[in-house]
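Please read the structure below before turning to the comments.
The values are calculated or read from the model by the stated rules, or taken from the named source; none is laboratory data. Given the structure is predicted, the values throughout are model-derived calculations rather than measurements. So basically every Cβ, Gly included, is an ideal-geometry build from the backbone, and we count neighbours across all protein chains shown. Keep in mind that these areas ignore ligands, DNA and RNA; they rest on the heavy atoms of the full protein, side chains included. Shrake-Rupley method; radii C 1.70, N 1.55, O 1.52, S 1.80 Å.
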Amino acid sequence: MPAAPTDELAAQARALLADYAADEQTEAHAAATLKQLASLLPALDAAYHQHDAPVVDDATYDALRRLNTRLELEFPRHARADSPSATVGAPANGPFRRQRHMVPMLSLDNVFSREEFEGFVSRIARFLGLGDEQARALSFVAEPKIDGLSISLTYVHGRFMRGTTRGDGTEGEDVTANLRTLRDIPDQLPAPCPDTIEIRGEIFLSKQAFLELNAAQEAAGEKPFANPRNAAAGSLRQLDPAITAKRPLSLFAYAAGYCDGPLAATHHGYLEQLHAWGFRVNPLSTQVPDAQAAEAFMERLTRERSGLDYDIDGIVYKLDDRALQERLGFAGRAPRWAIAWKFPAEQAITRLEKIDIQVGRTGALTPVAFLEPVNVGGVIVTRASLHNEDEIARKDIREGDLVHVQRAGDVIPQITGVVLPRDHETQPFLFPHTCPVCGAHAERPEGEVVWRCSGGLTCPAQVVERLIHFVSRDAFDIDGLGDRTIVEFHELGWLRTPADIFRLGAHEEEIAARDGWGKVSARNLVNAIEARRTIELSRLIYALGIRRIGTSNARLLARHYGSLANWRTQMEKAAIVGSDERLELGSITGIGTTIADELVAFFAEAHNRATLDDLTGELTHVLDEEAPEAGSLSGKTIVFTGTLTTMTRPEARAVAERLGARVSDSVSKKTDLVVLGEKAGSKARKATELGIDTMNEASWRVLAGMPPSPQAEG
Ligand code: IVH
């Protein structure tokens with residue numbers, strides 16, 4: 001078919017966007033728009049990539065892609081088999097396209113002993129309000145915990161549409177083209193299957209395949225991979241699917257994400273369903289009725305582990321009843337209904353060559369151990385964390401000592417102790433009281449374990465580390481601004497604060513003239529920076545590098561406060577101890593008082609406020625955060641008070657949050673609803689005084705769409 005003339009394509013693009021801006025999408029309209037996008041986007045791609053003749057500007061192209069993704073998420077029934085999001089890969093030389101998961105991909109909390117496992121079961125029972133006998137009746141499915149990479153596979157009308165890496169749990173990278181080369185991923189599910197379903201599992205490389213791949217790497221003069229997991233990750237992120245096709249990656253399917261049809265009532269039923277659809281399900285998966293059986297399974301696999309043809313690092317236990325899983329939901333990043341019981345850590349002995357002190361973006365002086373390279377459970381370890389001064393003193397770790405090194409899963413290797421008696425004389429380590437980078441004196445406030453450089457923004461290490469954090473992947477994610485470039489531009493005096501990044505355009509010609517640069521790379525850098533003048537609120541919050549605010553807390557804050565303006569005002573008001581705003585901040589699930597204190601401390605500093613203002617002055621648009629699930633209670637603030645009789649407090653809170661509400665511990669004029677349990681006291685009175693709506697527990701169940709009291713069932 002001859003391609004449409006370019007001006008026709010451009011006109012079609014403009015019309016689609018104008019139309020979308022003007023209209024609320026109906027089902028039929030969405031289907032029609034998706035159909036148009038399915039032919040328009042590939043045509044634009046071809047013009048850009050194959051003919052080097054873009055038809056529309058980048059912003060229009062991005063807007064069309066976003067429109068496509070958004071419509072697919074809002075109207076999954078109308079997602080098309082020929083959707084451009086499934087069939088079009090990333091530009092050949094670019095990174096993979098980011099893709100939002102319809103349901104977040106969670107990680108797992110860990111336990112290391114039978115006692116801890118029993119603690120996990122008790123927490124479930126407490127949350128659900130179960131008695132001893134009911135708790136004993138809870139049944140679990142045990143599955144080997146594969147040491148690979150998790151992946152989410154989207155099937156629409158049974159057809160494999162898209163595969164995405166876990167990423168930060170909310171969005172990952174689209175690696176569909178590479179996944180299509182895997183034999184373990186069926187292209188078509190046999191009917192019956194739901195219209196849209198996300199199936200999750202683990203991608204891995206067998207030990208045998210790993211050894212063969214490394215032999216080939218070495219023969220070709222390439223660097224070998226440290227372990228099968230790294231080799232699997234490297235193979236999956238190949239820009240050329242033909243290379244992935246040559247690496248025998250496998251998949252075990254084990255979980256569900258989004259699904260718009262009925263699924264099995266139990267997890268083991270779901271695994272059977274996956275098997276029937278043609279997926280590989282780990283044959284060792286089994287049902288365990290209690291902690292004793294869980295431990296027995298753990299012991300069995302500890303013995304059999306080395307004989308398996310793939311690496312496992314523990315056992316995952318999942319509550320079998322899916323309705324209970326649903327009620328339990330998740331806390332932070334991990335489900336309440338599943339746990340990983342990890343194998344004990346792996347150990348080795350090596351020489352500690354040197355203790356280096358590194359300065360982080362908050363000025364913390366962190367001791368790092370440089371080790372003689374050693375193989376710990378299949379991974380070559382050269383560095384280990386030493387935590388802080390007290391830890392070094394407690395273990396009396398000295399430069400030149402032989403030390404025990406331990407690795408547990410993905411955690412940074414630890415030094416657990418010194419081999420005694422010493423094989424030669426060494427001197428106790430003296431922790432420096434000045435910053436090794438800027439020479440300013442270091443302080444260790446009373447009650448804290450960390451020494452901090454007092455140089456603040458005059459300390460190059462802190463400034464540079466902050467900037468590196470600012471442009472990192474989960475923050476502003478600016479391509480082309482690597483660590484070394486930041487150091488270089490900082491030394492040239494071009495970069496001091498985050499806002500300076502957006503003023504680098506003024507130096508474009510000087511950059512182009514520098515060693516290792518050129519006109520094209522300088523232009524690409526400036527373009528990458530320009531593209532980030534529009535940024536999501538959660539990325540902005542994370543980028544600020546406030547202590548204890550990682551990606552998940554940044555997202556919690558962004559979702560809770562919605563917009564930059566609101567967050568900013570609320571944080572300043574929260575400075576007043578006892579204010580409604582401070583209480584609200586501390587009662588966001590996952591935030592708590594310590595983190596609230598850090599936020600308040602950040603905003604108390606005039607130079608932090610000035611840095612933020614300077615930065616936002618450079619940005620065009622900070623995108624408001626949408627509530628996680630725009631539920632029936634989205635935007636409402638709810639307080640529970642008194643004793644609830646049909647559900648526990650944590651469950652009530654989780655249900656409210658799932659429906660989009662914020663749950664607070666104190667009643668204020670911002671409260672929308674107070675749910676009164678038995679013997680509700682002062683909060684009920686305050687609600688009446690302030691004229692806030694109240695309701696009893698039974699009405700709350702109705703409002704929240706929960707079945708009538710579960711205890712009525714006996
Ligand atoms: S279930 C909500 N099952 O372990 C369910 N995860 O430490 C979340 N993993 O990110 C995952 N084998 O990459 C599950 N049988 C298994 C698993 C498994 C390996 C990985 C997965 C996850 C990580 C969490």
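Using the beta-carbon distance between E391 and D423 and R0 = 22 Å, what value does 1/(1 + (r/R0)^6) give for FRET efficiency, to the nearest 0.05?
Numbers: r = 23 Å, r/R0 = 1.03.
The computed FRET efficiency comes out at 0.45.
If you average the sequence gap of Cα pairs under 8 Å that are 6 or more apart and divide by the length of the chain, what percent do you get for the contact order? After rounding, I find 9 percent. Whole-Hz Karplus values for segment 511-523 come out as 4, 4, 7, 7, 4, x, 10, x, 4, 5, 5, 5, 5 Hz, taken residue by residue from phi with 6.51 cos²θ - 1.76 cosθ + 1.60 and θ = phi - 60°; glycine and proline positions read x. Residues D515, D187, sorted by accessible area with the largest first, give D515, D187 [1.4 Å probe; ligands and nucleic acids excluded].
Rolling a 1.4 Å probe over the protein heavy atoms of the chain, with every protein chain left in place, gives an accessible area that is 52 percent carbon and sulfur. Across all Cα pairs in segment 561-694, the calculated P(r) in 10 Å bins from zero up to the longest distance comes to 11, 36, 34, 15, 4, 0 percent per bin.
Just to be sure I understand the curve: with the Debye formula and one point per C-alpha of segment 213-335, what is log10 I(q)/I(0) at q = 0.09, 0.15, 0.17, 0.23 Å⁻¹? After summing over all Cα pairs, the log10 values are -0.39, -0.95, -1.11, -1.38. The share of C-alpha pairs in segment 296-405 whose separation exceeds 17 Å stands at 69 percent.
List the aspartates and glutamates whose alpha-carbon lies under 18 Å from that of K670, not counting same-chain residues fewer than 8 positions away? By straight Cα distance, K670 reaches E572, D580, E581, E584, E657, E689, D693. When both bridge partners sit in segment 624-699, DSSP labels roughly 10% of those beta bridges antiparallel.
Put simply, segment 269-327 fits an ellipsoid with semi-axes of 22, 18, 9 Å; these come from the alpha carbon gyration tensor as the roots of five times its eigenvalues, largest first. Under the criterion of Cα pairs below 8 Å and six or more residues apart, the relative contact order for segment 503-611 equals 17 percent.
Computed with the Debye formula from one identical point scatterer per Cα of segment 176-250, without solvent, the log10 of I(q)/I(0) at q = 0.11, 0.15, 0.18, 0.28 Å⁻¹ comes to -0.33, -0.56, -0.74, -1.40.
Rounded to the nearest whole angstrom, the semi-axes of the ellipsoid equivalent to segment 499-604, taken from the Cα gyration tensor as √(5λ), stand at 37, 12, 12, largest first. When the alpha carbon gyration tensor of segment 150-297 is reduced to an equivalent ellipsoid, the three semi-axes, largest first, read 29, 21, 13 Å.
Between the residues M695, P76, H441, the greatest Cα displacement towards the positive end of the dipole of the chain, with unit charges on the Cβ of Lys, Arg, Asp and Glu, is found for M695. Note on K354: aspartates and glutamates with a C-alpha under 17 Å away, same-chain residues under 8 apart excluded, are E372, E389, E391, D396, E399, D401, D423, E425.
First measure r as the distance between the Cβ atoms of E618 and R548, then evaluate 1/(1 + (r/R0)^6) with R0 = 22 Å and state the FRET efficiency to the nearest 0.05.
0.25
Using a Debye calculation, one point per C-alpha and no hydration shell, please list log10 I(q)/I(0) for segment 114-210 at q = 0.12 Å⁻¹ in order. For segment 114-210 at q = 0.12 Å⁻¹, log10 I(q)/I(0) is -0.62.
Isolated cysteines in the chain, defined as those with no second cysteine Cβ under 4.7 Å, comprise C193, C259.
Computed from point charges on the beta carbon alone (+1 for Lys and Arg, -1 for Asp and Glu), the dipole magnitude for the chain about its Cα centre is near 720 Debye.
List, in the order given, every pair from K223/K342; K318/K669; K35/K246; K573/K686 whose Cα-Cα distance in the structure shown is over 32 Å. It would help to have the intermediate numbers written out before the result.
Details: K223/K342 30 Å; K318/K669 42 Å; K35/K246 34 Å; K573/K686 22 Å.
Correct reply: K318/K669; K35/K246.
Distance distribution P(r), segment 137-192, all Cα-Cα pairs, bin width 5 angstrom from 0: 4, 16, 21, 19, 17, 14, 6, 3, 1 percent.
Distance from the C-alpha centroid of segment 485-538 to that of segment 298-347: 45 Å, rounded to the whole angstrom. Per residue, the accessible area of the chain comes to 48 Å² when a 1.4 Å probe rolls over the protein heavy atoms. Summary value for segment 426-526: 15 percent relative contact order, contacts being C-alpha pairs under 8 angstrom separated by 6+ residues.
Using the Stokes-Einstein relation with a Kirkwood hydrodynamic radius computed over Cα pairs, the translational diffusion coefficient of the chain at 10 °C and a viscosity of 1.306 mPa s comes to 55 µm²/s.
Packing here is the average count of other Cβ atoms within 10 Å per residue, and on that basis the peptides 320-332, 416-428, 154-166, highest first, run 154-166, 320-332, 416-428.
Volume of the convex hull of segment 511-560 (Cα atoms only), normalised per residue: 95 Å³.
The heavy atoms of K318 offer some 20 square angstrom of accessible surface to a 1.4 angstrom probe. Adding -39500 (n - 2.57) for every DSSP H run of four residues or longer, then dividing by how many residues the chain holds, sets the calculated 222 nm ellipticity at -11500 deg cm²/dmol.
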